[in-house]
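Q: First the structure, then my questions, so here it is.
The values are calculated or read from the model by the stated rules, or taken from the named source; none is laboratory data. Keep in mind it's a predicted model, so treat the numbers as computed, not measured. Cβ: placed from backbone, ideal geometry, glycine included. Neighbour counts: every protein chain shown. Side chains included, ligands, DNA and RNA excluded: accessible areas come from the protein's heavy atoms. Shrake-Rupley method; radii C 1.70, N 1.55, O 1.52, S 1.80 Å.
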Amino acid sequence: MTSPLLTLIEQNEWDGFQPMMDDLARWEGWPLFLEKLKSLRRDALYQSDVHGLGHIERTMLHGAFCAMTEPLDLTDTALLLECCAYHDVGRMDDTLDYEHGHRSAARLAALTGRSGEELTMMMAAVDAHARPEKALESTLKSYHPADWGRCFRLAQLLKDADGLDRVRIWDLDVSYLRREESRRREDFAEYLFARYQREIGSSTVPPFPRDLLDRLGSRQKARNDARGRKSLL
């Protein structure tokens, strides 16, 4: 299976975002990112227009930016990229599912070869990414990581990387992102999704399950109402 993201990287034409991508390509973690992207176990991914290969590749690129701007060392960069790669392998459908992170976490050892504390932190972060924000800390603590700060940071960056690709479902609210640098990449997230979809010859609007459409429509209406109220103040 080909990689649309690698094709875009080889083309190296990013319009107004060229300086951003040039900075990323000069980052010490860039070769590691390319290695993880090329070795991605595409056969293990959930097959879906919403949570499949496209989402995973874009999340990995967002994860690379997160690792660069944090900054993470190369060891934790590798852990974050692997979390980005396999955070949705436990999905059974595209609907809201708080348990898919737990199922994904259970497959990380086989997919990555990780063990010990590194595997513990990855499992905790991947499990937590699918949980509501209020359950983040309790989920992480249930895995008893030896280095709480390191695990917590990994989980937050995974959530930001995953969250930035919510542009694909019209549901990115940057106020939920945890890092200011992540919030600044909203326009890039929209651009990346549109470029990716053009590369694969697909609509910029993937097909959604009916219940997901209803949920997103209600959420967007609430946001529009809130914006309207603020404008009257």
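Q: I'd like the residue in the stretch 167-186 that is in contact (Cβ under 8 Å) with a residue 12 or more places away in the chain and open to solvent by 40 Å² or more (accessible area, probe 1.4 Å) and, out of all such residues, is nearest to Gln18 (Cα to Cα).
A: Step one: of the stretch 167-186, the residues in contact (Cβ under 8 Å) with a residue 12 or more places away in the chain are 167-174, 176-179, 181-182, 185-186.
Applying the additional criterion that residues be open to solvent by 40 Å² or more (accessible area, probe 1.4 Å) yields 170, 173, 176, 178-179, 181, 186.
Values: Trp170: 24, Asp173: 24, Tyr176: 26, Arg178: 25, Arg179: 22, Glu181: 17, Glu186: 15 Å.
In this case the residue turns out to be Glu186.
Q: Another one. Just wondering, is there one or more residues in the stretch 109-125 that are touching a residue at least 60 places away in the same chain (Cβ under 8 Å), under 14 Å from the mean Cα position of the chain (by Cα) and surrounded by 22 or more Cβ atoms within 10 Å (Cβ to Cβ)?
A: So the first thing to find is which residues in the stretch 109-125 are touching a residue at least 60 places away in the same chain (Cβ under 8 Å), and the list is 111.
Okay, now just the ones that are also under 14 Å from the mean Cα position of the chain (by Cα), so none.
No, the stretch 109-125 contains no residue that is touching a residue at least 60 places away in the same chain (Cβ under 8 Å), under 14 Å from the mean Cα position of the chain (by Cα) and surrounded by 22 or more Cβ atoms within 10 Å (Cβ to Cβ).
Q: Can Thr139 be described as of a type in the set (Ser, Thr, Tyr), in contact with a Gly (Cβ under 9 Å, 6 or more places away or on another chain) and not in a loop (DSSP other than H, G, I, E, B)?
A: Against the criterion (of a type in the set (Ser, Thr, Tyr), in contact with a Gly (Cβ under 9 Å, 6 or more places away or on another chain) and not in a loop (DSSP other than H, G, I, E, B)), Thr139 qualifies.
Q: Residue check, Lys159 against (1) at pLDDT 95 or above; (2) open to solvent by 40 Å² or more (accessible area, probe 1.4 Å), all met but one. Which one?
A: Here Lys159 meets the rest and fails (2).
Q: Only residues that are open to solvent by 30 Å² or more (accessible area, probe 1.4 Å) and either under 16 Å from Leu192 (Cα atoms) or assigned to a loop (DSSP other than H, G, I, E, B) (or both): list them for the stretch 54-76, please. Step through it out loud before you land on a result.
A: Looking only at the stretch 54-76, we keep the residues that are open to solvent by 30 Å² or more (accessible area, probe 1.4 Å), and these are 68-71, 73-75.
Passing the criteria: Glu70, Pro71, Asp73.
Q: What is the residue count in the stretch 167-181 for residues that are in contact with a helix residue (DSSP H, G or I) (Cβ under 8 Å, 6 or more places away or on another chain), in a helix (DSSP H, G or I) and among the charged types (D, E, K, R)?
A: 2
Q: Tell me, yes or no, whether the stretch 106-114 has at least one residue that is part of a helix (DSSP H, G or I) and charged (D, E, K, R). Break it down stepwise before answering.
A: Taking the stretch 106-114 as the starting set, the residues that turn out to be part of a helix (DSSP H, G or I) are 108-112.
When the remaining residues are screened for being charged (D, E, K, R), the result is none.
Within the stretch 106-114, none of the residues are part of a helix (DSSP H, G or I) and charged (D, E, K, R).
Q: State all residues of the stretch 142-163 that are assigned to a helix (DSSP H, G or I) and among the hydrophobic types (A, V, I, L, M, F, W, C); if no residue qualifies, say none. Break it down into steps so the answer makes sense when it comes.
A: The initial filter retains those residues of the stretch 142-163 that are assigned to a helix (DSSP H, G or I), namely 148-163.
The answer is Trp148, Cys151, Phe152, Leu154, Ala155, Leu157, Leu158, Ala161.
Q: Kindly provide the set of residues from the stretch 126-140 that are charged (D, E, K, R) and either under 14 Å from Arg153 (Cβ atoms) or open to solvent by 10 Å² or more (accessible area, probe 1.4 Å) (or both), ordered by number.
A: If we filter the stretch 126-140 for residues that are charged (D, E, K, R), which is where we start, we get 127, 131, 133-134, 137.
Across the stretch 126-140, the qualifying residues are Arg131, Glu133, Lys134, Glu137.
Q: Of the residues Glu28, Glu10, which single one is modelled with pLDDT of 95 or more, outside any helix (DSSP H, G or I) and more than 17 Å from the chain's Cα centre (by Cα)? First the steps, then the outcome.
A: Values: Glu10 fails: outside any helix (DSSP H, G or I).
Of the residues listed, the single one that is modelled with pLDDT of 95 or more, outside any helix (DSSP H, G or I) and more than 17 Å from the chain's Cα centre (by Cα) is Glu28.
Q: Continuing with this model, one more query. Which condition number in (1) under 21 Å from Leu5 (Cα atoms); (2) at pLDDT below 95; (3) of a type in the set (Gly, Ala, Ser) is the one that Ala189 fails?
A: Against the list (1) under 21 Å from Leu5 (Cα atoms); (2) at pLDDT below 95; (3) of a type in the set (Gly, Ala, Ser), Ala189 comes up short only on (2).
Q: Being under 27 Å from Arg198 (Cβ atoms) and among the basic types (Lys, Arg) narrows it down to one residue among Arg114, Arg42; which is it?
A: Values: Arg114 fails: under 27 Å from Arg198 (Cβ atoms).
None of the other options fit; the residue is Arg42.
Q: Take the residues in the stretch 33-50 that are open to solvent by less than 20 Å² (accessible area, probe 1.4 Å) and part of a loop (DSSP other than H, G, I, E, B), then tell me which one is nearest to Ser182 (Cα to Cα).
A: We begin by selecting, within the stretch 33-50, every residue open to solvent by less than 20 Å² (accessible area, probe 1.4 Å); these are 33, 37, 40, 44-45, 50.
Then drop every residue that is not part of a loop (DSSP other than H, G, I, E, B), which leaves 40, 45, 50.
Working: Leu40: 24, Leu45: 25, Val50: 21 Å.
That would be Val50.
Q: Take the conditions closer than 30 Å to Gln197 by Cα and out of contact with any strand residue (DSSP E or B) (no Cβ under 9 Å at 6 or more places or on another chain) and apply them to Cys151. Does it pass? Can you show your working first?
A: Numbers: closer than 30 Å to Gln197 by Cα: no; out of contact with any strand residue (DSSP E or B) (no Cβ under 9 Å at 6 or more places or on another chain): yes.
No; evaluated as a whole, the condition is false for this residue.
Q: Return yes when Arg26 is open to solvent by 30 Å² or more (accessible area, probe 1.4 Å), among the charged types (D, E, K, R) and farther than 23 Å from Phe193 by Cα and no when it is not.
A: no
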